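The values are calculated or read from the model by the stated rules, or taken from the named source; none is laboratory data. Being a predicted model, the structure only gives us computed values, none of them experimental. Using ideal geometry, Cβ is built from the backbone for each residue, glycine included, and neighbour counts are taken over all protein chains shown. Note: areas computed on protein heavy atoms with side chains; ligands, DNA, RNA excluded. Shrake-Rupley method; radii C 1.70, N 1.55, O 1.52, S 1.80 Å.
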Amino acid sequence: MLTSSLPEKAFRSHAPGYWKDKNVSEAEWNSAQWQLKNRVNSLAKLEEHLVLSEEERAGVLLSGNKLAMAITPHFFNLIHPTDPDCPIRRQVIPRIEETWDDPDEMSDPCGEDSHMPVPGLVHRYPDRVLFLVTDRCASYCRYCTRSRVVSGVGDQELHTEFEAVFKYLEAHTEVRDVLLSGGDALLFSDAKLEGILKRLRAIPHIEFLRIGSRVPIFLPQRITPELCTMLAKYHPLWMSVHTNHPREITIEVKEALERLANHGIPLGNQSVLLRGVNDDPEVMKALVHKLLMSRVRPYYLYQCDLIQGSSHLRTSVSKGLEIIESLRGHTTGYGVPQFVIDAPGGGGKVPVNPEYVLAKDSHHTLIRNYEGKVFDYPEPESAKSANLFASGTNRLSMTWAPSAKW
């Protein structure tokens, strides 16, 4: 039986789980096509296996006009059957709170639509772009920042003009980095995905390709040797995966991630800080440890975007800082993600860190470590001279008395 509160460091397989009495063959279970065909996408299918709360039942009935519900059997097996606070079900089962109005929330919190020079391409940063290649995912996260266009039931539709995108990229030589996302590009067939990668690789100034995907977590059966061999033809190619709770990293997921890594694809993970899911230092520590054991570098921890209907899942910024504080120095630096806020309205990612610099002037920088101990780092003479010269003679009157002042 699954537990909801304790972090899980062990790698487990939950198959066939709720499908144990349905005569599903091993070949079917391990087929990505079977997994997609048998997604849980209705109230009746949910209630075959789960005891829903009233908030969940109402949320499911209303989900058809905001963001569709769909959960692969693989991921569904991670859901506790009776606990409405299960960290997995909070991510994928709609709740009535999604219909609440909050004046701070937005349909496009990252301002992507206003930075879209051609349909389907977001050019917000100087040298990199976001290429929205599809509006479909293997499963749908209830906090999805693109719920306005993803899943086909929101207010907007995604109409990517592929040829216009390629022509724009050919003309804009400052672009060196292309991120494929959506939706999830790994839902495409190998041939269709390769067609996009090949076209991008033919543009001389594009140096770096990335794919953002939750498929290795929702649908590890899709990460076949054939897919990995194809992707390896287009290096340098990196992949950002998205997992939020240690239970999500099953044996199958670990094997899929290792298969990608064995084909030379560097992997980073992006987590979203979510109330009741991973807003706990021990849960986050278990997650980053399992990621490292799966050869994935924890990359970003996102403050949840101000997406409409997400207030029940959002936490305070101070909670994120507390979690980073609990990791820094207490586990390997490779396991500490960068905590970021995607500035509302399109300001881009802003890193947020606990305060480790306590004071500084042209002579000294006062710092603290993870234990709270304070250290004085003296600046080199060249820096002191430069700072004094740049600041004028009034800087000469400064005195440094750390023992008295700090």
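Look at the range 64-96 and say how many of its residues are in a helix (DSSP H, G or I), in contact (Cβ under 8 Å) with a residue 40 or more places away in the chain and crowded, with 17+ Cβ neighbours inside 10 Å. Residues meeting the conditions: 8. Annotation: of all residues in the range 104-127 being without any contact (Cβ under 8 Å) to a residue 60 or more places away in the chain and not in a loop (DSSP other than H, G, I, E, B), the one that is surrounded by the most Cβ atoms within 10 Å (Cβ to Cβ) is Leu121. Checking each residue in the range 264-321 for being surrounded by fewer than 19 Cβ atoms within 10 Å (Cβ to Cβ), hydrophobic (A, V, I, L, M, F, W, C) and under 23 Å from Phe11 (Cβ atoms) picks out Leu292, Met293. The requirement of being surrounded by 13 or more Cβ atoms within 10 Å (Cβ to Cβ), aromatic (Phe, Trp, Tyr) and within 18 Å of Met116 (Cα to Cα) is not satisfied by Phe218. Taking (1) touching a helix residue (DSSP H, G or I) at 6+ places or on another chain (Cβ under 6 Å); (2) in a loop (DSSP other than H, G, I, E, B); (3) more than 25 Å from Thr72 (Cβ to Cβ) in turn, Phe166 satisfies each apart from (2). When Ala256, Ala191 are checked against the criterion of being crowded, with 18+ Cβ neighbours inside 10 Å and under 24 Å from Leu36 (Cα atoms), Ala256 stands alone in meeting it. Can we say Leu179 is at pLDDT 95 or above, open to solvent by 30 Å² or more (accessible area, probe 1.4 Å) and touching a Cys at 6+ places or on another chain (Cβ under 8 Å)? Answer is no for this residue. Is the range 234-250 home to any residue that is surrounded by 17 or more Cβ atoms within 10 Å (Cβ to Cβ), aliphatic (A, V, I, L, M) and under 25 Å from Arg89 (Cα atoms)? Yes - at least one qualifying residue is present in the range 234-250.
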